Amino acid sequence: MIVLTGLNKEEIGIFAVKIGAQDYLIKKEIDSKLLKRSIRYSIERKKIESELQNYKSNLEDKVKERTKELEQSNKELQQFAYVASHDLREPLRMISSFLQLLERRYNEQLDEDANEFIEFAVDGAKRLDSMIKDLLEYSRVANKKRKFNDVDLNEVLERTNLNLKLAIDDNNAEIIANKLPTLSGDEQLLVQLFQNLISNSIKYRSKENPIIQISVNNEMNHFIFLFKDNGIGISTKHLERIFTIFQRLHTREEYEGTGIGLAIAQKIVQQHGGQIWAESEPGEGTIIYFTIPYNN
């Protein structure tokens, strides 16, 4: 489309192009040469716009296709991890059981080195079994179908405290919480989320008795939760790593575990449409933040 105007105002021509015209001409300045140029220009511009639109459409289709393929690949990978982990546990238990049987039955016939080697093998089998168990749990959370109901987080915290009563009492931990909201979510997963965050704070305690403060703020379209502790803290450079599966910042001699608790916490938050991150400094404790939308 070419717009002809009797007004010698550039703003009108620019406006016409903005709303879809290919070019504009002023009537009193038009001649055959200018008209030919304008028509040729308009045809070329229309052709380029059409090609760009086709390219954009094809690109969007490819992105949708690749996204679908990626989602399917992730689903298959998670299912494979679950099946593989489940099937690996049985032969691993058999290895561990026969090693312990060997140790009991032939203990007096083996020298000190042989007994030590068996202990190493049994310990390795137990640690591997623990990792597989945690991997199964991670896969279970990742593959869990969304079944959300209204959940009172005050009740979630009560259940969490009951589940962790032994650890809380043994460490003289104090959990301080503001009144928490009711939101749409999976109650079982939210209990697990609270458990993982609180038990993590207790595990990485400082010399002082653990104090875990839980609060919530209302933002524009989501809740933002804070779990603040007075533990040993984390170096800023390691904050991204703590949510990665099987990532450990300490040796097994210092702290037990496989390093999957926060990875599961992240997966649960993502299942609820939120994000999770941390702020910390060594010796200054840690704050874990996570968000959950109002309307899940």
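Taking neighbour Cβ counts within 10 Å as the exposure measure, how do 238, 222 sort from fewest upward?
238, 222
Just in segment 164-234: which GluC sites (Glu not before Pro) are loop by DSSP and have at most 15 other Cβ atoms within 10 Å?
Sparse-neighbourhood loop GluC sites (Glu not before Pro): 208, 219.
Calculate, for residue 145 and residue 216, the FRET efficiency according to 1/(1 + (r/R0)^6) with r their C-beta to C-beta distance and R0 22 Å; round to the nearest 0.05.
That gives a FRET efficiency of 0.25.
Here is the link list: 56/145; 165/228; 126/237; 126/165. Which ones come out longer than 23 Å on Cα distance?
Result: 56/145; 126/237; 126/165 exceed 23 Å.
Can you sort 242, 176 by how many other beta carbons sit within 10 Å, fewest first?
Placing the least packed residue first, the sequence is 176, 242.
First select every other residue whose beta carbon is under 12 angstrom from the beta carbon of residue 88; then total the charges, Lys and Arg +1, Asp and Glu -1.
0
Please work out the Cα convex hull volume for segment 149-293 and give it in Å³ per residue.
With only Cα atoms used, segment 149-293 gives 105 Å³ per residue.
Multiply the residue separation of residue 47 and residue 100 by 0.36 nm, subtract the distance between their alpha-carbon atoms, and state the gained length in nm to one decimal.
Extra length available between residue 47 and residue 100 comes to 11.3 nm.
Where a number appears in this text, it was derived from the coordinates with a stated rule and is not lab data. Just so it is clear, the model here is predicted, and its values are computed rather than measured. All Cβ positions, even for glycine, are placed from backbone atoms using ideal geometry, and neighbour counts span all protein chains on display.
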